[in-house]
Ligand SMILES: [Zn+2]
Ligand SMILES: [Zn+2]
């Protein structure tokens, strides 16, 4: 237990920050190698190829880049490769999307299957700069040997977002006439024009009637 006075001071300092940053700071304060997006991999980079470390991820990030905040959580395994560090894991999050049928906002759960190799930019033993990886857009480990998962998570999430999101499989959509959300019940509009397959029949019956 920390002395109460200290806790009070910490909370006071954090109150001015937004909630995502607040969570990040609290998590950073409380956990070592715990719930993090930035992972220091200097030890793993010194380890033999094939060495692994497991981490728990639990953090709020702006997944879609539109100012939203989504809790991302799950587990990742980091493995030392001959070139760098391979990150593999499955993370879960939820993003707010607009339903393509009824246009209402809804929370869409996403499963993020992450598999990315990160390349060091600084030699962990000598501290000498290393050549940048040849692959365009490859993820790098910074000069402090910090591996940041945020961008990989964001890219993975953007790929996981459905092209035509639906608030639910059987979303009833909007009335084409008045725009009423039909998930909330029927509207007062008259039934739409009769099925065109019946039009020939009704023409026939009209002709009969005029004779
Ligand atoms: Zn809908
Ligand atoms: Zn209507």
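Nothing in this text is a laboratory measurement; each read-out follows from the coordinates by a stated rule. As the structure is a computational prediction, the values presented were derived from the model and not from experiment. Counting neighbours? That spans all protein chains shown, and the Cβs are built from the backbone with ideal geometry, glycine included.
What is the extension gain from residue 96 to residue 146, computed as 0.36 nm multiplied by their sequence separation minus the C-alpha to C-alpha distance, in nm to one decimal?
Residue separation times 0.36 nm, minus the Cα-Cα distance, leaves 15.0 nm.
Tell me, how many Å apart are the Cα centres for segment 112-168 and for segment 171-191?
Using only Cα atoms, the two centres lie 45 Å from each other.
Note down the nm distance, to one decimal, between modelled labels 7 Å out along Cα→Cβ at residue 106 and at residue 43.
Between residue 106 and residue 43, the simple spin-label model gives 4.5 nm.
For segment 100-144, what is the largest minus smallest coordinate of the Cα atoms on each principal axis, given in angstrom and ordered from greatest to least?
Answer, in whole Å and largest first: 58, 19, 15 Å.
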